[in-house]
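Below: one structure, written as structure tokens.
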Amino acid sequence: MKDSLQLGIKYEHKFKIPQSKTVPALYPESEEFAVMPEVFATGYLVGFLEWACIKAINPHLDWPKEQTVGTHIDVSHAAATPPGLEVTAKVELIAIEGKRLTFIVEAHDGHDLISKGRHERFVIDKEKFDARVQTKALCV
């Protein structure tokens, strides 16, 4: 982690919602999801918020050797967003505890506040992390 990783880092990220990020596309294997409304899926919303946090802090890491992984998410999904609308995420780094980073996050679709909450990420050494995952995979 670079010295520039400091509290108060803010980032705004925009993304136009395609059809491929709607509920029916989340798990094509699921008959239940297939018949649900074609709106921005909560699973993709979570990924979008993670993406914004990653973009906020990558300049302050020794990227790609150092990366972050999501460890906790606590967000609302309060409004439906149809494909074609642009969603804006606003994130702010509010806590640094060793390698654990905490953000406040929110997303708006131009009509409604669709999400707000908190997200935690953990700084990893990519090579060491991959080695641990490989060891775990050998147990399968």
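Structural remarks
- When the residues of the stretch 40-66 are filtered to those that are without any contact (Cβ under 8 Å) to a residue 60 or more places away in the chain and outside any helix (DSSP H, G or I), the one that is nearest to V87 (Cα to Cα) is A41.
- Subset of the stretch 70-127 (residues that are exposed (fewer than 14 other Cβ atoms within 10 Å of the Cβ), without any contact (Cβ under 8 Å) to a residue 60 or more places away in the chain and over 23 Å from K21 (Cα atoms)): E97, G98
- Pick from the stretch 1-39, criterion of a type in the set (D, E, K, R), assigned to a loop (DSSP other than H, G, I, E, B) and free of Cβ contacts under 8 Å to residues at least 24 places away in the same chain, ranking: farthest from V91 (Cα to Cα): E29
- If the condition is being over 17 Å from S115 (Cα atoms), surrounded by 12 or more Cβ atoms within 10 Å (Cβ to Cβ) and among the hydrophobic types (A, V, I, L, M, F, W, C), then the stretch 2-24 contributes L5, I9.
- Residues in the stretch 25-40 that are hydrophobic (A, V, I, L, M, F, W, C) and surrounded by 13 or more Cβ atoms within 10 Å (Cβ to Cβ) were compared, and the one that is nearest to S76 (Cα to Cα) is F40.
- Filtering the stretch 56-108 to residues that are closer than 23 Å to F40 by Cα and small (G, A, S) leaves A56, G70, S76, A78, A79, A80, G84, A89, A107.
- Output for the stretch 71-99, where each listed residue is aliphatic (A, V, I, L, M) and part of a loop (DSSP other than H, G, I, E, B): A78, A79, A80, L85
No lab work stands behind these numbers, since they all come straight from the coordinates. Bear in mind that the values here come from a model prediction, so they are computed numbers and not experimental data. Virtual Cβ from ideal backbone geometry, glycine too; neighbours counted across all protein chains shown.
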